[in-house]
1. Kindly evaluate R149 against the criterion of being at pLDDT 85 or above, part of a strand (DSSP E or B) and either at positive phi or touching a helix residue (DSSP H, G or I) at 6+ places or on another chain (Cβ under 9 Å) (or both).
2. Against the definition (at pLDDT below 75 and either under 19 Å from L113 (Cβ atoms) or in contact with a strand residue (DSSP E or B) (Cβ under 7 Å, 6 or more places away or on another chain) (or both)), how does R211 come out, yes or no?
3. Please go through segment 153-194 and pick out each residue that is of a type outside the set (G, A, S) and in contact with a Phe, Trp or Tyr (Cβ under 8 Å, 6 or more places away or on another chain).
Amino acid sequence: MSRSTVNRVLLGVVGVLLLVTGLLVLAGGLDLYARLGVDLPDRWPLAAPDRPVVSAASRTRWVDESWWWPAVIAGLALLVAGAAWWLFGQLRRSGPATIVLPTPGASGLRLRLRTRALEEALETGTVVLPEVERVSVRLLRGSGRPRLRAAVRLTPGGEPAELVEHFETGPRSDARSSLGLAELPAELRMRVRAAKPAAAAGRGGRRRRSRVE
């Protein structure tokens, strides 16, 4: 699962929880339950404007237990650590933000290209290849040199071997020449979509992985 997908899922879950909590607080603060004649359980929170969110009995139920405060502190510590880990993951990028382009014959001139611009160019050059339906390309930094990672979905009946050949002589070769690199390792993750949607939902298509050095 990609980082953007995880972010969307987490933000969606948090948004739904906040929305439900806000609606409960609003309904209790406006005394909508009494106005609408809705009978609520005795332990239902926010049933009336003068009713606290957490009752005094609930707040002090386990205070005298020896495990209570260590459990609260550990839970809060885990929450803060998880939030810090998520924030660090958003700020960290697995590859360089920019890459330096060669400028032969122009001494003193230094050109920098945004990594995302190069990735978009590679995606554009790959998606037009025969039998390619969808593609996502990332430029990563590994072992002191950049490398490519591409996820490609082929149309039903697509041949991965042909894609590897076209990718090698097309987008990868162009990127290597533009960057002035002798080598540009690449990893292709290929998936062939099944011909029938029902079969594709059950099997998820054929997956193949290929490394090109």
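The values are calculated or read from the model by the stated rules, or taken from the named source; none is laboratory data. The structure presented is a predicted model; accordingly, all values stated were derived computationally and were not measured. Positions of Cβ are generated from backbone atoms using ideal geometry, with glycine treated the same way; all protein chains shown enter the neighbour counts.
1. Details: at pLDDT 85 or above: yes; part of a strand (DSSP E or B): yes; either at positive phi or touching a helix residue (DSSP H, G or I) at 6+ places or on another chain (Cβ under 9 Å) (or both): no.
No: the conditions fail for R149.
2. Numbers: at pLDDT below 75: yes; either under 19 Å from L113 (Cβ atoms) or in contact with a strand residue (DSSP E or B) (Cβ under 7 Å, 6 or more places away or on another chain) (or both): yes.
For R211, the condition - at pLDDT below 75 and either under 19 Å from L113 (Cβ atoms) or in contact with a strand residue (DSSP E or B) (Cβ under 7 Å, 6 or more places away or on another chain) (or both) - is met.
3. Applying the first criterion (of a type outside the set (G, A, S)) to segment 153-194 yields 153-156, 159-160, 162-169, 171-172, 174, 176, 179, 181, 183-185, 187-193.
Correct list: L188 only.
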